[in-house]
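First the structure, in the form of structure tokens, and then the observations on it.
The values are calculated or read from the model by the stated rules, or taken from the named source; none is laboratory data. For clarity, every value in this text was computed on a predicted model and none was experimentally measured. Neighbour counts run over all protein chains shown; Cβ positions are idealised from the backbone, glycine included. We work out accessible area using only protein heavy atoms, side chains counted, and drop any ligands, DNA or RNA first. Shrake-Rupley method; radii C 1.70, N 1.55, O 1.52, S 1.80 Å.
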Amino acid sequence: MPSRIIMLFLLLLSLPVSAHELHADGSFWDGFNHPLLGFDHLLAMLSVGIFSTQLGRSAIWSVPLAFLFFMTLSAITGMLATPIPFVEPGIALSVLLLGLVIALNREMPISFGMAFVGVFALFHGYVHGAEMPELARPGIYAMGFILGTAAIHVAGVTIGSLINPDGKRKRAVQLMGSAIALVGSYLTLELWLA
């Protein structure tokens, strides 16, 4: 099972690093699809859900909620066209570092986990807000990408819970984290060489 997951991630390396320009009219569904269609966004947000299952207890809801909160604040910054430096490298690094933290599977306070994902949420949220189509109604579009992100977090929590339901199969989750970190390394290297 873990080898199939790793192979899936390696096959998906051929997808574009960012699918940030795929929305049409700025509807709710365009917003909802924005995090789903960007492979880098998708992996980072799945990782947040998986990471929260590793921390356990209240982290399963508090870590994804922290991501959503900081992502929303940063999206407003993006909508206002206030520049934030290193957005694309920050997104690529989020995939790498979230994968590493899953692979290392270290104990940490939930508050640190919330802050950790919150930093990456700033980059992801900024892109969601900055790339909002001109025709979009900001509230409707934002509701779409917030709910799309939440859906990916739920998928990550589900994956983490299914792979390691009893807490005794940490190795499988760590292998998945390693595969995510490998993809994050590729995304980071691709940006650095561009």
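About its Cα centre, what dipole magnitude does region 92-189 give when the only charges are +1 on Lys and Arg Cβ and -1 on Asp and Glu Cβ, stated in debye to the nearest 20?
Dipole about the Cα centre, nearest 20: 380 debye.
Alpha carbon centre of region 22-61 versus region 148-194: separation in Å?
One Cα centre to the other: 12 Å.
For n ≥ 4 DSSP H runs only, could you compute -39500 (n - 2.57) per run for the chain, divide by its residues and tell me the 222 nm figure to the nearest 500?
After summing the helix terms and dividing by the residues of the chain, the value is -25500 deg cm²/dmol.
Which order do you get for Leu122, Leu98 if you rank them by accessible area with a 1.4 Å probe, largest at the top? Please report the intermediate quantities before stating the final value.
On the way: Leu122 70, Leu98 0 Å².
Descending accessible area places them as Leu122, Leu98.
State to the nearest 20 debye the size of the charge dipole of the chain about its Cα centre, where the only charges are +1 on K and R beta carbons and -1 on D and E beta carbons.
900 debye
From the backbone phi of region 174-184, what are the Karplus-calculated ³J(HN,Hα) couplings (6.51 cos²θ - 1.76 cosθ + 1.60, θ = phi - 60°) in whole Hz, Gly and Pro given as x?
Taking θ as phi minus 60°, the curve returns 5, 5, 5, x, 4, 5, 5, 4, 4, 5, x Hz for region 174-184.
Spin-label point model (7 Å from Cα, Cβ direction): what's the Thr77 to Asp166 distance in nm?
4.5 nm
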